[in-house]
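To keep things clear, I will list the structure first and then write my remarks on it.
The values are calculated or read from the model by the stated rules, or taken from the named source; none is laboratory data. What you are looking at is a predicted structure, and each value in this text was computed from that prediction instead of being measured. FYI the Cβ positions are ideal-geometry reconstructions off the backbone, even for glycines, and counts take in every protein chain you see.
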Amino acid sequence: MKFEIPILLKDIVAMISQPVKLIGNSEISVTGINEIHSIEAGDLTFVDNNKYYNRVLKSAAGTILIDKEIEAPESKTLLIVKDPLCAYTEVMNHFIHFNPQQEMIHPFAQIGERTIIQPGVFVGENVVIGKNCLIHANVSIYADTIIGDNVIIHSGSVLGADAFYFQRRKEGWVKLESCGRTLVGNNVEIGCGVYIDRGVSGDTVIGDGCKLDNIIQIGHDTRIGTRCLIGSQSAIAGCTVIGDDCRIWAKCSINKDLHLANGTTLLAHTAINKSVEKPNQILFGIPADESHRKWREIVGVKMLPELMKEFAQLKKEVAELKEKSV
């Protein structure tokens with residue numbers, strides 16, 4: 001999330017209730033706030049996990065909330081705090097303002113020419129909908145959602161709900177509030193019961209020409225390229241990047257923070273737990289593998305009972321031969 005104007009670091013520190021130790025340049029300004037997957041130059045971010053220290057310290061972030069005292073890398077300022085997530089959330093909450101809405105369609109929503117809004121559609125604050133769109137009954141479009149031209153959204157879909165982003169603590173779950181946007185490109189069709197979460201601090205993006213079937217979950221900050229096809233009951237976790245011209249068939253699962261190369265095809269009932277770097281592959285199975293190899297594996301598994309019988313018989317015959325040779 002970019003600020004409307006840069007904010008002095010001292011003003012950022014004043015938003016934090018914990019003791020803060022500053023290492024680095026105290027005179028800089030902060031131009032935005034983003035978590036690890038969406039960092040841009042001048043941003044404030046946080047890190048509290050050994051897995052991500054190096055990644056954050058080498059990122060474009062200008063200011064980093066961190067829970068251990070180290071030397072500040074060149075051109076970066078560190079804010080040492082006991083609980084970076086809570087400090088980050090305190091800063092973020094200064095820029096998140098939920099305004100209760102009485103109207104079904106916000107009076108300042110921008111709706112393009114020849115766009116049809118059916119009864120029961122909710123349109124929130126700062127929403128922009130392009131030209132020639134058709135929004136069917138009972139769709140909910142949360143605040144800060146931008147929809148392109150020639151888009152069809154079918155009944156019961158929800159665009160822009162909060163990210164599913166929680167951190168476990170002794171006292172329960174701490175929520176990282178969402179202040180990002182949801183962006184839908186041109187010529188997109190979204191089926192019934194599709195749920196697209198907004199970005200935590202960046203954008204969730206559905207590219208031009210994508211077609212989404214019914215009952216699909218797309219997590220926060222995920223970016224889907226152009227002309228992708230996604231089948232029913234598929235789930236894509238947060239911060240995943242899917243290339244152009246990908247086909248994801250029914251009941252597929254894609255883990256968080258992964259990348260799928262252009263032209264990837266996932267056959268139905270496939271689960272992805274690592275990035276796919278080679279383009280135009282056809283993958284299948286749990287865990288996913290090249291489809292022909294996976295089918296051969298399945299055939300091999302089916303043959304195991306008979307092979308085990310044959311093995312037992314051979315083992316018995318070998319034992320008998322040994323007895324005879326003694």
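Observations on the model:
- Restricting attention to the range 282-326, the residues that are closer than 23 Å to Asn255 by Cα and modelled with pLDDT of 85 or more add up to 11.
- Qualifying residue in the range 61-76 (condition: of a type outside the set (Ser, Thr, Tyr), within 30 Å of Tyr142 (Cα to Cα) and either in a loop (DSSP other than H, G, I, E, B) or touching a residue at least 60 places away in the same chain (Cβ under 8 Å) (or both)): yes
- Selection of the range 262-280 for residues being closer than 16 Å to Gly231 by Cβ and part of a loop (DSSP other than H, G, I, E, B) yields Thr264, Leu267, Ala268, His269, Thr270.
- The single condition among (1) β-branched (Val, Ile, Thr); (2) surrounded by fewer than 23 Cβ atoms within 10 Å (Cβ to Cβ); (3) touching a Ser or Thr at 6+ places or on another chain (Cβ under 7 Å) that Thr182 does not satisfy is (2).
- Annotation: Val123 fulfils all but one of (1) farther than 15 Å from Val184 by Cβ; (2) in contact with a His (Cβ under 6 Å, 6 or more places away or on another chain); (3) of a type in the set (A, V, I, L, M, F, W, C); the unmet one is (1).
- Against the conditions (1) outside the structural domain of Val194 (by TED's automatic domain parsing); (2) surrounded by 13 or more Cβ atoms within 10 Å (Cβ to Cβ), Gly124 satisfies every one except (1).
- The residue list Leu283, Leu307 contains one member that is in a strand (DSSP E or B) and either farther than 17 Å from Leu212 by Cα or touching a residue at least 60 places away in the same chain (Cβ under 8 Å) (or both), which is Leu283.
- Any hit, the range 181-195, residues being among the small types (Gly, Ala, Ser), touching a strand residue (DSSP E or B) at 6+ places or on another chain (Cβ under 7 Å) and farther than 23 Å from Asp43 by Cα: yes
- So Arg168, is it assigned to a strand (DSSP E or B) and more than 18 Å from Cys210 (Cα to Cα): yes
- Flag for Lys256 being within 14 Å of the chain's Cα centre (by Cα), assigned to a loop (DSSP other than H, G, I, E, B) and surrounded by fewer than 20 Cβ atoms within 10 Å (Cβ to Cβ): yes
- Only one entry in Pro119, Pro100 is farther than 30 Å from Ile23 by Cβ, under 27 Å from the mean Cα position of the chain (by Cα) and part of a loop (DSSP other than H, G, I, E, B), namely Pro100.
- Candidate set: the range 83-97, residues that are assigned to a loop (DSSP other than H, G, I, E, B) and hydrophobic (A, V, I, L, M, F, W, C); chosen: the one nearest to Glu4 (Cα to Cα): Phe95
- Number of the condition not met by Asp144 [criteria: (1) surrounded by fewer than 19 Cβ atoms within 10 Å (Cβ to Cβ); (2) on the phi > 0 side of the Ramachandran plot]: (1)
- Here the range 138-157 is the region considered, the condition is being in a strand (DSSP E or B) and touching a Cys at 6+ places or on another chain (Cβ under 8 Å), and the residue that is nearest to Arg198 (Cα to Cα) is Ile147.
- Members of the range 128-149 that are of a type outside the set (Gly, Ala, Ser) and within 14 Å of Leu183 (Cα to Cα): Val128, Ile129, Ile141, Tyr142, Asp144, Thr145, Ile146, Ile147, Asp149
- Flag for Ile254 being in contact with a Cys (Cβ under 8 Å, 6 or more places away or on another chain), at pLDDT 95 or above and aliphatic (A, V, I, L, M): no
- Among the residues listed as Ile135, Ile206, the single one being crowded, with 19+ Cβ neighbours inside 10 Å, of a type outside the set (Gly, Ala, Ser) and more than 22 Å from the chain's Cα centre (by Cα): Ile135
- Criterion: surrounded by fewer than 20 Cβ atoms within 10 Å (Cβ to Cβ) and under 27 Å from the mean Cα position of the chain (by Cα) - qualifying residue of Asp11, Asp43, Asp83, Asp48: Asp83
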